[in-house]
Amino acid sequence: MSTNVDNFSKAALSGNTYVLAPLPYADNALEPVISANTLSFHYGKHHKAYVDNLNKLLADTPLAGQSLEQIIKVTAGQADKAGIFNNAAQIWNHMFYWHSLSPKGGGEPPVALKQKIEAAFGSVDNCKKELANAAVTQFGSGWAWLVQEGDKLAIAKTSNAETPITRNSRPLLTIDVWEHAYYIDFQNRRPDYVNTVLDKLINWEFAAANLS
Ligand code: MN3
């Protein structure tokens, strides 16, 4: 797969208009873990709404047509720009999440990534445990991340639309822990959603492609 973290902005932009970038698989491809029903709402309603909102918020402003990364970085932490930040960051985070999952996911990471995981966490299993712990303990809505900081890997969690790219931290993969990501399939059982995703769907190839 050639898609990595560096080419999301192009996929999200057509001229000065932000677009709903295609899912990297069919909407039933992640079944039985994530149903087509969940994906149709999550991608077709939630993700699309962020795109529609951002186009409305940026129409005829100097930010229109800038990359999602630029918009996210210049609006982060500014109370009067919170609407723009939230929608731009949620578009980016969702694109990143779709690619963090794969119908052929789970299993063993590629060797180069596995070595970095073992250096940081001792083992792949321990990395998964720490990721799951971040996902489960994120209070309310947010995201759990595997990130690269310098040459080292680390786990991060963020609230609502917040994203590690505002912290000079390079995302490698993410898990969406907003309730809309799992409620239809798992109801309130966030730990079951997270652990099943980590075992069956997590896209280590994508994470490896994002290493700098
Ligand atoms: Mn979501």
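The values are calculated or read from the model by the stated rules, or taken from the named source; none is laboratory data. Computed from a predicted structure; not experimentally measured. Neighbour counts run over all protein chains shown; Cβ positions are idealised from the backbone, glycine included.
Numerical summary
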{"read-out": "Within region 77-125, considering residues that are within 16 Å of the ligand (Cβ to nearest atom) and of a type in the set (S, T, Y), the one surrounded by the most Cβ atoms within 10 Å (Cβ to Cβ)", "value": "S100"}
{"read-out": "Pairs where the first residue, in region 87-100, is farther than 15 Å from H180 by Cα and the second is within 11 Å of the ligand (Cβ to nearest atom) and outside any helix (DSSP H, G or I), C-beta under 8 Å, 6+ apart", "value": "N87/A161; A89/A161; F96/T174; S100/T174; S100/I175"}
{"read-out": "Subset of region 166-180 that is closer than 18 Å to S141 by Cβ and of a type in the set (S, T, Y) - its residue that is nearest to the ligand (Cβ to nearest atom)", "value": "T174"}
{"read-out": "Any hit, region 145-152, residues being surrounded by 19 or more Cβ atoms within 10 Å (Cβ to Cβ) and either within 16 Å of the ligand (Cβ to nearest atom) or hydroxyl-bearing (S, T, Y) (or both)", "value": "yes"}
{"read-out": "Residue in region 56-67 that is farthest from the ligand (Cβ to nearest atom), counting only those that are modelled with pLDDT of 95 or more and surrounded by 15 or more Cβ atoms within 10 Å (Cβ to Cβ)", "value": "L58"}
